[in-house]
1. Look through segment 139-160, keep the residues that are open to solvent by 30 Å² or more (accessible area, probe 1.4 Å) and among the β-branched types (Val, Ile, Thr), and return whichever of them is modelled with the lowest pLDDT.
2. Hey, could you check segment 161-192 for residues that are in contact with a Ser or Thr (Cβ under 8 Å, 6 or more places away or on another chain) and of a type in the set (Val, Ile, Thr) and say which is surrounded by the fewest Cβ atoms within 10 Å (Cβ to Cβ)?
3. So which of 64, 70 ends up being touching a Ser or Thr at 6+ places or on another chain (Cβ under 7 Å) and at pLDDT 75 or above?
4. Filter segment 61-71 down to the residues that are within 11 Å of residue 152 (Cα to Cα) and hydrophobic (A, V, I, L, M, F, W, C), then identify the one that is surrounded by the fewest Cβ atoms within 10 Å (Cβ to Cβ).
5. Inside segment 111-133, can you point out the residues that are of a type in the set (Val, Ile, Thr) and at pLDDT below 80?
6. Say whether the condition of being closer than 17 Å to residue 152 by Cβ and either open to solvent by 20 Å² or more (accessible area, probe 1.4 Å) or at pLDDT 80 or above (or both) is met by at least one residue in segment 17-40.
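The values are calculated or read from the model by the stated rules, or taken from the named source; none is laboratory data. The structure displayed is predicted, hence computed values, not measured ones. In this analysis, Cβ positions are derived from the backbone assuming ideal geometry, glycine residues included, and neighbour counts consider all displayed protein chains. Accessible surface is based on the protein model in full, side chains and every heavy atom, while ligands, DNA and RNA are left aside. Shrake-Rupley method; radii C 1.70, N 1.55, O 1.52, S 1.80 Å.
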Amino acid sequence: MSASEYLLTIIFAIYTPIFFLVFLSLLDYSKYYLKYKTERILLILYILSLSLIFSLRPLALGMDTQNYFDLYFYQYSTPDFKLSSELLFHLLARVSQIMGGFEVFLFLISFISMYSLYYFSRRVLEGDKFHSISFILFFMISGISFIPMQINTLKVGLAISIMLVGLHYLLKNKMKFFYLISIIAFLIHNSIIV
């Protein structure tokens, strides 16, 4: 690991928890002094900001980032590339190549994953006055497993996040949506079927 990558890794490790605390304070302020829509906008900005942080990480951060980088540029970009059953993950890679590159790829994965977590927690906690703070706490507590998935096992993390949306539909007994979301998650990573 080069000195600049080491420095970026340290900054990433320090900035992320501080960002959580600052945002939680803003959210608490908005809960009492701002309107409900502002709270939702703050949460979306939070998700966008954290997705940006995850997308700009050095390749040396995490065990699989370099592997995904290599796959992204060598396997997904060749004209004779054969799609596997993880079709949607490969499609996401292709779309991000058109949109701008590997950082866009990481951003899209992070954003979709975090927005899926937000959607799940918001729907499950419907009617709870503190659903936004609950989302942040859920995200921080699940950070033990979720944040490493954003850095190491991208496909699994994305599939699990999307499957949580499917779980919401299962709990509401909306089976068509549950099956649709399950198929989407499966087309991102096959292991979700287990």
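1. Within segment 139-160, the match that is modelled with the lowest pLDDT is 144.
2. Ranking the candidates gives 192 first.
3. After applying the criteria, what remains is 64.
4. Looking at residues that are within 11 Å of residue 152 (Cα to Cα) and hydrophobic (A, V, I, L, M, F, W, C), I get 63.
5. Initially, segment 111-133 is screened for residues of a type in the set (Val, Ile, Thr), giving 112, 124, 133.
The answer is 124, 133.
6. Checked against the condition, which is being closer than 17 Å to residue 152 by Cβ and either open to solvent by 20 Å² or more (accessible area, probe 1.4 Å) or at pLDDT 80 or above (or both), segment 17-40 yields no hits at all.
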